[in-house]
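In what follows, a single structure is set out as structure tokens and then discussed.
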Amino acid sequence: MSSHKQVKLTLLRSLAKRLPNHVACAHGLGLRRPNNTKTLTATPEVMGMVHKISYLLKVEEI
């Protein structure tokens, strides 16, 4: 399993007044409040959610 790439996601902006689907994507990634950071495996499902809310995130490959 270590062959999978990891991504570090940081929520840069507030989820207030965002589209409900975008808030759901952020919550699905485990991001609840600004400056919250999570490290996740870069699966197609995760990267799809990251792409949808990329304007709210800082993404770093590990």
Between a residue in region 8-27 that is in contact (Cβ under 8 Å) with a residue 40 or more places away in the chain and any residue that is surrounded by 15 or more Cβ atoms within 10 Å (Cβ to Cβ) and in a strand (DSSP E or B), which pairs come within a Cβ distance under 9 Å, given they are 6 or more apart or on different chains? Lys8/Leu40; Leu9/Leu40; Leu9/Leu57; Thr10/Leu57; Leu11/Leu57; Leu12/Leu57; Arg13/Leu57
Could you give me the residue pairs with C-beta distances under 7 Å whose first residue belongs to region 34-47 and is among the small types (Gly, Ala, Ser), whose second residue is assigned to a strand (DSSP E or B) and modelled with pLDDT of 95 or more wherever it lies, and which are 6+ apart or on separate chains? Ala42/Gln6; Ala42/Val7
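One line per residue, one yes/no per condition, for (1) assigned to a loop (DSSP other than H, G, I, E, B); (2) surrounded by 13 or more Cβ atoms within 10 Å (Cβ to Cβ); (3) among the small types (Gly, Ala, Ser):
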| position | (1), (2), (3) |
| --- | --- |
| His4 | yes, no, no |
| Thr10 | no, yes, no |
| Ala16 | yes, no, yes |
| Asn21 | no, no, no |
| Cys25 | no, yes, no |
| Pro34 | yes, yes, no |
| Lys38 | no, yes, no |
| His51 | no, no, no |
Working only within region 1-56, note down all residues that are touching a Ser or Thr at 6+ places or on another chain (Cβ under 9 Å) and not aliphatic (A, V, I, L, M). His4, Lys5, Gln6, Lys8, Thr10, Arg33, Pro34, Asn35, Asn36, Thr37, Lys38
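The values are calculated or read from the model by the stated rules, or taken from the named source; none is laboratory data. Just so we're clear, the structure is a prediction, and the values are computed from it rather than from any experiment. Cβ atoms come from the backbone with ideal geometry, glycine included; neighbour counts cover every protein chain shown.
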